[in-house]
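One structure follows; several queries about it will come next.
The values are calculated or read from the model by the stated rules, or taken from the named source; none is laboratory data. Remember, predicted model here, so these are calculated numbers, not experimental data. Positions of Cβ are generated from backbone atoms using ideal geometry, with glycine treated the same way; all protein chains shown enter the neighbour counts.
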Amino acid sequence: MEWYADYVARNADDGREGRLVTTHRFTESWDSWEVHPEGDEVVLCLSGTISLLQELADGPPAQVTLGPGDYAINPPGVWHTADIADEASVLFITAGRETRHRPR
């Protein structure tokens, strides 16, 4: 994700208060998990349907399905990924510092 590395380099001085605000249109499920240790991530579904999977410390992954206008929070330190049934557009507000990815 070269664009993400470029963003981090440009905004490193924002510190813990910095937020990455992006929209994406997805046509397939994610091929990786990610985690944001520095803060919450707001996930707002703009169109379509997205199913978030969150690896919670106290049990099996939780699944949250979002339709247009629905939102969820990925808490700091919670690994998450998403399944897309058909197509979805999503707005993310992310505490981007120290974000990590791993294969799904």
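Of the conditions (1) at pLDDT 90 or above; (2) under 12 Å from the mean Cα position of the chain (by Cα); (3) surrounded by 12 or more Cβ atoms within 10 Å (Cβ to Cβ), R100 fails just one. Which one is it?
If we test R100 against (1) at pLDDT 90 or above; (2) under 12 Å from the mean Cα position of the chain (by Cα); (3) surrounded by 12 or more Cβ atoms within 10 Å (Cβ to Cβ), just (3) comes out false.
Related question: Here's a check for you: in the range 50-61, which residue that is aliphatic (A, V, I, L, M) and modelled with pLDDT under 95 is surrounded by the most Cβ atoms within 10 Å (Cβ to Cβ)?
Selected residue: L56.
In the range 69-104, what residues are in a loop (DSSP other than H, G, I, E, B) and of a type in the set (S, T, Y)?
T99
Are there any pairs, at least 6 apart or on different chains, whose C-beta atoms fall under 6 Å, with the first in the range 18-47 and more than 23 Å from G67 (Cβ to Cβ) and the second small (G, A, S), and if so, which?
Pairs found: L20/G96; H36/A95; P37/G77; E38/A95; G39/A95.
List every residue pair whose Cβ atoms lie under 6 Å apart, where the two residues are 6 or more positions apart in sequence or sit on different chains, the first residue falls within the range 73-101 and is on the phi > 0 side of the Ramachandran plot and of a type outside the set (D, E, K, R), and the second residue, located anywhere, is surrounded by fewer than 19 Cβ atoms within 10 Å (Cβ to Cβ) and at pLDDT below 95.
If the second residue must be surrounded by fewer than 19 Cβ atoms within 10 Å (Cβ to Cβ) and at pLDDT below 95, the pairs left are G77/P37.
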